[in-house]
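Comments concern the structure below.
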Amino acid sequence: MSFHAKLLTVALCAGMVAGCKAKAGGSGAPSESPVAATPQQTGDEAPPAEKMGGFDGKRAFAHVAKQVGFGPRPSGSAAIGQLQEYIQAELTSYGCKVDTDSFTADTPAGRLPMKNIVAKIPGDKPGIIMLATHYDTKLLENFVGADDGGSSTGVMLELARLLCAKHGGYQVWITFFDGEEAVKEWSDTDSRYGSRQMAAKLAMSGDLPKIKAFLLADIVGTRTPHFKREADSTKWLTDLVWGVAKRLGYGNIFLDESMAVADDHDPFLKRNVPAVDVIDLQNYPGGDVYYWHTPEDTLDKVSAKSLAISGHVFLESIKQLQSR
Ligand SMILES: [Zn+2]
């Protein structure tokens, strides 16, 4: 994704790797300094699943560790092929029905094979609730994307384990996009390959208008998470998710400030699908994700507790959407 907050653009871009894209709007002060992280590789700090609506942060963390173990996973790499097999095998083991869409994308590095993976949970009401993450990692040397790519993919796999066991209500589709990251520099044509492919495909098939809500997670694993309301996201859906978070006691994490971020929800927003992006992109020095798009985005940056918090909020938000 790319990030843009008018007031902070200069300071932020100065601290970032190439590709900062200022957009418009946004507000908010820099967050507090990150707390000293104690590296731990087990996810043991995850709250008990029964306190998190059944979401097991330890399992989500194990998925992140597995992904990091494959090494850098840019689109078209052998490592992302291993991850695709892992995602499909996990989903199948939970009893999910899995659809895949293999396609090729013309990128600044040439034509690359890509694959979207969707777990489809049947429903008896007309309509689809769509959850999504990207699972590719940015093409950078020694970049394993534990938080950027890994964290939200771990959350979605754990959500699939819980949700594929339940049928009824609206259909729930859990989507794993390839090609979110820019191959060279973020632009409308070099980024979001998977989500653009899927939105276009669903528009053609006639399924797009059936999507009641599109909920995206990206970069949700940091030890000091703060989610600002993504400025372009659909207001009622953002209100719903942030309202759930507040009721669950996460009002200090889901903040009422806003910030505009370009991400995989955009191709759906553009086609009038209600969409929300839950992302922590405080990527400046001293921010929550100071390690964004650097080789420092490693497993020790990811907290099983943070994964469980976003998982809990997604689970309860789906319950709310199912009752509408
Ligand atoms: Zn990224």
Can you give the FRET efficiency to the nearest 0.05 for ARG271 and LYS246, using r as the Cβ-Cβ distance and R₀ = 35 Å? 0.75
What FRET efficiency, computed as 1/(1 + (r/R0)^6) with R0 = 25 Å and r the Cβ-Cβ distance, is obtained for LYS166 and ASP256, rounded to the nearest 0.05? 0.20
Honestly the stretch 32-132 on the Cα gyration tensor test (a ≥ b ≥ c root eigenvalues; a/c under 1.5 rounded, otherwise a/b vs b/c for prolate or oblate) is just oblate
The alpha-carbon pair-distance distribution computed for the stretch 117-236, with 10 angstrom bins and whole-percent values, is 12, 39, 37, 11, 1
Quick one: if the Förster radius is 30 Å, what FRET efficiency do ASP300 and ALA79 give, using the C-beta to C-beta distance and rounding to 0.05? 0.90
How long are the semi-axes of the equivalent ellipsoid of the stretch 242-324, taking √(5λ) for every eigenvalue λ of the Cα gyration tensor, in whole Å from largest down? 24, 18, 12
Rounded to whole Å, give me the distance from the Cα center of the stretch 257-278 to that of the stretch 72-118. 23 Å
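Average the reciprocal distances over every distinct pair of alpha-carbons in the stretch 203-254, invert the result, and give the Kirkwood radius in Å.
After inverting the mean inverse Cα-Cα distance, the result is 12.8 Å.
Over the Cα atoms of the chain, what is the Rg over Rh ratio if Rh follows Kirkwood?
Values: Rg = 17.7 Å, Rh = 19.2 Å.
Taking Rg over the Kirkwood Rh, I get 0.92.
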Please report, for the Cα atoms of the stretch 113-188, the Rg to one decimal and the Dmax as a whole number; what are they, in angstrom? 14.6, 47
Expected 222 nm ellipticity per residue - DSSP helices of 4 or more, -39500 (n - 2.57), all of the chain, to 500: -9000 deg cm²/dmol
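Each value in this text was obtained by applying a stated rule to the coordinates, not by laboratory testing. Treat the numbers as computed from the prediction; the structure is a model and nothing was measured. Every residue, glycine as well, gets a Cβ built from its backbone with ideal geometry; the counts of neighbours run over all protein chains shown.
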